[in-house]
Every structure is written in C-alpha cells, then in structure tokens.
Amino acid sequence: MRKTCLTIILAAGEGTRMKSATPKVLHEVAGLPMVVHVLNAANQAGGDKSVVVVGAGADNVASKINNWNNEVSIVIQNERLGTAHAVLAADEWLRQSFDDVLILYGDVPLIQAKTLHNMRHELQNGADLVVLGFEAANPTGYGRLIVDDGQLVAIREHKDASDDEKTISLCNSGIMGFNGSIASELIRAIENNNSQNEYYLTDAVSIARSKGLKVVATTVAEEDVQGVNNRVQLAEVEAVWQQRKRKEMMLNGVSMPAPETVQFAHDTEIGRDTIVEPNVVFASGVSVAENATIRAFSHLEGAEIGEGCIVGPYARLRPGTSMLHGSKVGNFCEVKKATIGIGSKVNHLSYIGDTIIGTKANIGAGTITCNYDGINKHQTKIGNNAFIGSNSSLVAPVEIGDNAIVAAGSVVTKDVPQDALGISRGKQINKDHLAGKIRLRNEAKKNAG
C-alpha cells in the first residue's frame with residue numbers, strides 16, 4: 001500500500017544577514033527561489049501535501065509560492081518561538097492521517113529527492129523518528145548526533161557537548177522525518193525549558209526515546225544540507241548547483257569544453273550532441289534540441305533552439321525567440337519575440353524583434369527591424385528565400401515577400417512584393433576635390449581650439 005507524505009517547510013526566518021529587502025527564502029539559485037527548490041524536491045520524493053510556514057507579513061513569499069503552485073498551503077508563525085513552535089503552526093495538517101511527515105527548511109535548496117526517499121524508507125521500515133545528519137568537515141558549532149547500536153540516542157548542542165562528544169563529526173542538519181501517527185503528539189510535548197524560552201524541534205528525540213520509540217539517524221553529504229544565511233553562502237550554493245547541472249548535462253550527451261564557465265537555469269533543457277562553448281549563460285525558459293552549437297559568450301533567455309541551429313558567438317536571444325531547424329543567429333546579434341525559419345541566417349550585427357522570418361532567408365549585417373513606435377510594438381514579416389541587404393532598416397509593420405530582395409542601405413517603410421527588389425535610399429552625389437578642403441578646414445579648427 002502506498003504511503004502518504006506531508007512536508008512542512010519552515011521559511012519564517014528574516015535572513016537579515018542577506019542585507020536585502022527580499023525575504024531570504026526568495027533569493028534565487030539558478031533562477032528559482034530557494035524555497036521552490038525545496039518544494040520541488042518534496043514533490044519528487046512523492047509528497048502528497050506541502051505546507052510552508054512563513055513569518056508575519058511575508059505576503060510576498062506566499063504570493064511567489066502560489067504563483068508556482070497554488071495547491072501549496074501557507075501558514076503563518078506570528079511569534080518566532082523556535083523550530084518546534086514553527087512546525088506547530090501547521091498542526092492542522094499534522095493531525096491529519098499522513099503516514100510520513102518531513103520537516104524541511106526553505107533556505108536549504110540543495111536537498112535532493114533521493115535523500116527524502118531514504119528518510120521515508122527508514123520510516124516505512126519501522127522508525128518513528130528519523131534525523132538527517134552529515135559528516136562535517138568542521139563540526140564546530142553544530143549539534144552532534146550521538147548514535148549507539150544503530151539508534152540515535154541524543155542530539156547534543158556544541159556548547160553542551162563533552163570533550164569526547166566534540167570529537168564526533170556526525171552533525172545535525174535539522175531536517176527530520178516523523179511517523180505521521182505520532183508527529184503532532186511528539187511535537188506538542190516539547191517544552192520551552194531553556195534559556196531562550198523557545199521550543200526546539202531537536203527535543204523530539206529525547207521525548208521519543210522516553211516513550212520507547214525507535215529513533216534513527218541517516219546521513220547525506222554536507223553540501224546537500226548547506227543552509228544560506230548570507231550572500232557568500234548563496235554564491236557557494238549556486239556553485240554547487242551549477243557543478244551538478246554541468247555534470248548531468250555532460251553525462252546526458254552535451255559537450256562543454258570549459259564547463260566551469262557555463263551557467264544554467266533551473267529549467268534549461270539541452271539535447272544530446274549539442275556543443276556549448278565557454279562563457280555561455282542560460283537564463284530561464286531555454287530549450288535546445290540535438291546537434292546544435294551555442295558559441296562562446298552568448299546569453300539566452302526564454303528561447304527555443306531547434307535541431308542543428310547555431311547561436312553566436314556573442315549573441316543575445318531574448319524571450320519569445322524560436323529558431324527552427326538549421327537556422328543561425330551569429331555574432332553580435334539580438335533577437336526578441338521572433339521566429340527564425342528553417343535554414344535562415346541572421347549572421348552579424350543585427351537586431352530582429354517582433355519578426356517572423358520564413359525558410360532560407362538571409363538577413364544582412366546591420367539589419368534592424370524597427371518594431372517600436374514609442375508606444376506600440378509592430379511586426380515584420382520576411383518571406384521564404386528573401387534577401388535583406390546589409391545596413392537595412394525595416395520599419396514595422398511591413399512585409400517582405402517570398403524571394404524578394406531589399407537593397408543594402410534601404411529604409412523600408414512599405415511592403416516589398418514577392419520576387420521584387422526594394423530600394424529606398426538617397427541619391428549619391430560626389431563633389432570633386434571637396435574632401436581635401438574639408439580636412440584643411442577641420443585641422444584649422446582643431447589648431448585654433
């Protein structure tokens with residue numbers, strides 16, 4: 001029989017050391033708020049219900065979470081009286097008939113679904129309480145997990161630990177799993193008999209043992225439970241996430257000659273046999289098909305890249321860009337809300353915005369689609385096999401027909417029909433011998449100045 005799971009995520013901390021007006025758990029890793037990373041891990045671990053505990057006034061946290069998934073419940077911890085007190089803000093859910101209850105933290109974004117699966121496995125094998133620990137490179141300051149004969153005996157805070165206990169490197173991450181049938185009872189039994197007058201979730205261990213319940217510890221790599229309290233730690237977590245993603249991409253068939261220079265977003269998708277050159281940034285919403293090439297120093301966001309396409313170097317693809325099979329956007333080009341048709345090329349130094357380009361069209365260097373009149377955006381359409389000469393400006397709304405040619409240097413304000421040549425530029429006039437006179441005049445001004 002399938003076991004049900006409730007996840008409670010504690011996200012009430014202000015994180016003042018972040019030096020930010022943004023709540024700590026909304027700071028992003030790979031373009032996604034930390035708390036949403038945790039919610040995703042809970043979902044992937046088979047969670048049936050997620051509840052996020054936020055502090056009073058954290059409306060922006062609730063709004064962000066609801067935009068991601070409006071089935072997540074938000075509860076408010078009006079007073080911050082410790083971790084157990086925060087969990088009890090969700091007691092309405094604790095009292096329901098979930099088999100497993102996981103307590104996670106919104107500022108621990110590297111937690112993985114497989115770790116939560118392991119914790120649930122311990123619960124399903126008879127544990128009443130599971131504490132997630134890690135072997136710390138430097139355990140100073142962490143609570144130690146005291147294990148005896150396979151069971152967790154106690155969590156000893158560093159300040160209370162004996163000299164022998166301080167040599168223990170197995171430390172408490174704060175993440176716990178409870179047998180759902182006793183979770184509410186155990187947590188409500190916790191008292192605030194400490195110098196801070198707070199209710200500590202770690203006290204659940206001694207309470208469970210006093211009731212003869214089975215308490216165990218399971219372990220995970222230290223980086224998986226790294227918390228974020230300041231911008232330095234945020235950057236460290238980002239670095240770990242990026243390293244994992246690069247490895248995953250390469251193992252799935254993506255080539256990266258300098259992977260340490262490539263930045264991915266949480267939702268980047270890349271097909272096999274694609275090459276990503278150095279110093280490429282993938283912002284949110286990018287998918288790349290197979291056999292594409294993303295050349296160095298390109299920035300992609302909200303773009304769909306088809307099979308066999310070439311991007312860059314030094315290209316910028318903005319949201320709404322769609323490159324179809326075998327198309328190319330070359331160096332120092334910017335594309336926004338545009339479709340580049342099959343086999344079409346935008347090779348150099350061009351801006352293409354609000355545009356539909358057909359198949360096998362060629363867009364010459366320095367071409368601009370003038371899509372904005374200061375108030376509204378307008379669309380340009382360029383037909384199949386059209387040729388746009390260099391340094392042309394296409395003033396939208398305008399349409400260039402199939403097989404049409406726009407002469408270099410044209411400012412096109414009217415449609416160019418199929419198979420036609422469009423020319424729109426001033427007549428050239430040459431003034432013999434005038435260049436020398438202009439130079440002499442300009443040199444005189446410079447010397448006089």
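Okay, here's what the table says:
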| quantity | calculated |
| --- | --- |
| Flag if residue 369 is free of Cβ contacts under 8 Å to residues at least 40 places away in the same chain and assigned to a strand (DSSP E or B) | yes |
| Which numbered condition residue 234 misses (of (1) surrounded by 14 or more Cβ atoms within 10 Å (Cβ to Cβ); (2) of a type outside the set (S, T, N, Q); (3) assigned to a loop (DSSP other than H, G, I, E, B)) | (3) |
| The range 203-228, subset part of a helix (DSSP H, G or I) and touching a residue at least 60 places away in the same chain (Cβ under 8 Å), residue farthest from the chain's Cα centre (by Cα) | 208 |
| Pick from the range 137-153, criterion surrounded by fewer than 18 Cβ atoms within 10 Å (Cβ to Cβ) and not β-branched (Val, Ile, Thr), ranking: nearest to residue 7 (Cα to Cα) | 151 |
| Per-region count, the range 1-56, residues in a strand (DSSP E or B) and either at positive phi or not acidic (Asp, Glu) (or both) | 17 |
| Options 183, 154, 137, 161; residue that is among the aliphatic types (A, V, I, L, M) and modelled with pLDDT of 95 or more | 183 |
| Residue within the range 247-254 that is closer than 28 Å to residue 169 by Cβ, under 20 Å from the mean Cα position of the chain (by Cα) and assigned to a helix (DSSP H, G or I) present | yes |
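Here's the yes/no breakdown for (1) outside the structural domain of residue 177 (by TED's automatic domain parsing); (2) in a helix (DSSP H, G or I); (3) among the charged types (D, E, K, R); (4) out of contact with any helix residue (DSSP H, G or I) (no Cβ under 8 Å at 6 or more places or on another chain):
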residue: 85; (1), (2), (3), (4): no, yes, no, yes
residue: 96; (1), (2), (3), (4): no, no, no, yes
residue: 101; (1), (2), (3), (4): no, no, no, no
residue: 107; (1), (2), (3), (4): no, no, yes, no
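The rows are residues; the columns are (1) farther than 19 Å from residue 351 by Cα; (2) not in a loop (DSSP other than H, G, I, E, B).
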position: 390; (1), (2): no, no
position: 394; (1), (2): no, yes
position: 409; (1), (2): no, no
position: 427; (1), (2): yes, no
position: 435; (1), (2): yes, yes
position: 438; (1), (2): yes, yes
position: 442; (1), (2): yes, yes
position: 445; (1), (2): yes, yes
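The values are calculated or read from the model by the stated rules, or taken from the named source; none is laboratory data. The model shown is predicted, which means the values in this text are computed figures rather than measured ones. In this analysis, Cβ positions are derived from the backbone assuming ideal geometry, glycine residues included, and neighbour counts consider all displayed protein chains.
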